[in-house]
Ligand SMILES: Cc1cc2nc3c(=O)[nH]c(=O)nc-3n(C[C@H](O)[C@H](O)[C@H](O)COP(=O)(O)OP(=O)(O)OC[C@H]3O[C@@H](n4cnc5c(N)ncnc54)[C@H](O)[C@@H]3O)c2cc1C
């Protein structure tokens, strides 16, 4: 039986392990953390992500623990609509759930022995067709290596030494899960001056919130909650109520980065997927979705010989994922406008945005099908 080593048990690595096993591969997932776990925040799964989950055989389980968002759009910080669209309903709705639940579902679709925790891969070497990975003082040859080890990928650093490092996008994000609140049934993201807020109801009634602000890289705040109150405490309802309810709530904060485009996702028998290949800003909610697409398409492509399959994967995935990453960064810059002229201009152009144009540009993201199904 053919054997793949996957580095990283995030969304991409677990999904690739499921996809490859369904195609008859034996897999070993090496994860440096002591558990497959991500707590404290939610994730939106757009229709392309849901299609990938269905193809991996776990879509219904994910639906069971999710809310489905229908219509949505953008508002200003006083709550006035700038743009509304039924895009989400047109293409089957977007699921919202806790990240920890998504990871649990993916992990449970694999046999326990497929995942080795507390194991950080420290180096990968290639000599001709031979790949060797190093971890825990062990060096081991690998038939196929999948680098699913995220933004600061060790696989990428080892085999793509000339790749440019991640670039700071100029904004930072807080994420949290707050107690239940009264929320409009239409989901929306609210835009201020270099600041944004998104609120979403989860299946158990709790609220997943993300709050974004332009800030210098690596800014430290003595009290994250006080910083949120200072920035967003005067925004439209129910944002102040949400911020007042945060006693003891875990608040995650991450500076946002994107990875400059790679010229190839493949090096010999090693392949990059997910954030390791194309980390993007979260502005289009597509990082996890494209990692899931990668997993499905990688497993599809590896039907025959490995070298040919990897070339096919690279050809099918690079254009799409790099174009989504570019669009995500452009949209982020637009939405994070902060200047005295830029903000009213952004709001005006958003109000005037034709529905048809919005649909035409967004539909290709959401209607993804694996190439093998076309
Ligand atoms: C604020 C924010 C909001 C987002 N919201 C959404 C959203 O709503 N929808 C969406 O689709 N996407 C969203 N994303 C993007 C999404 O989170 C990522 O694209 C996705 O998690 C990438 O998954 P991955 O498996 O490629 O990488 P990761 O999730 O980074 O997983 C990498 C794994 O590899 C492990 N690892 C790293 N190095 C090693 C090593 N050397 N050895 C062994 N293991 C290693 C790590 O511990 C980790 O478990 C968001 C991102 C951010 C920052």
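Taking the stated definitions as given, is residue 134 surrounded by fewer than 21 Cβ atoms within 10 Å (Cβ to Cβ), more than 28 Å from residue 197 (Cα to Cα) and within 24 Å of the chain's Cα centre (by Cα)?
The answer is no for residue 134.
Just one of the numbered conditions (1) away from the ligand (no atom under 12 Å from the Cβ); (2) buried (at least 17 other Cβ atoms within 10 Å of the Cβ); (3) assigned to a helix (DSSP H, G or I) is not true of residue 102; which one?
For residue 102, the exception is condition (1).
What is the number of the single condition among (1) within 13 Å of the ligand (Cβ to nearest atom); (2) in contact (Cβ under 8 Å) with a residue 60 or more places away in the chain that residue 25 does not meet?
(1)
Taking the range 199-210 as the search range and keeping residues that are free of Cβ contacts under 8 Å to residues at least 60 places away in the same chain and within 17 Å of residue 99 (Cβ to Cβ), which one is surrounded by the fewest Cβ atoms within 10 Å (Cβ to Cβ)?
204
Within the range 173-191, which residues are in contact (Cβ under 8 Å) with a residue 60 or more places away in the chain and surrounded by fewer than 21 Cβ atoms within 10 Å (Cβ to Cβ)?
173, 178, 179, 181, 185, 186, 187, 189
Collect the residues in the range 253-276 that are touching a helix residue (DSSP H, G or I) at 6+ places or on another chain (Cβ under 8 Å) and within 8 Å of the ligand (Cβ to nearest atom), keeping them in residue-number order.
Hits for the range 253-276 are 256, 273, 274, 275, 276.
For residue 31, which of the numbered conditions (1) more than 11 Å from the ligand (Cβ to nearest atom); (2) surrounded by 23 or more Cβ atoms within 10 Å (Cβ to Cβ) fails to hold?
For residue 31, the failing item is (1).
Hey, among the residues in the range 48-68 that are surrounded by 21 or more Cβ atoms within 10 Å (Cβ to Cβ) and touching a helix residue (DSSP H, G or I) at 6+ places or on another chain (Cβ under 7 Å), which one's nearest to residue 20 (Cα to Cα)?
Per the criteria, the residue is 56.
Rule-based calculations on the coordinates, nothing more; no lab input. Treat the numbers as computed from the prediction; the structure is a model and nothing was measured. As a convention, Cβ positions derive from the backbone with ideal geometry for all residues, glycine included, and neighbour counts pool all protein chains shown.
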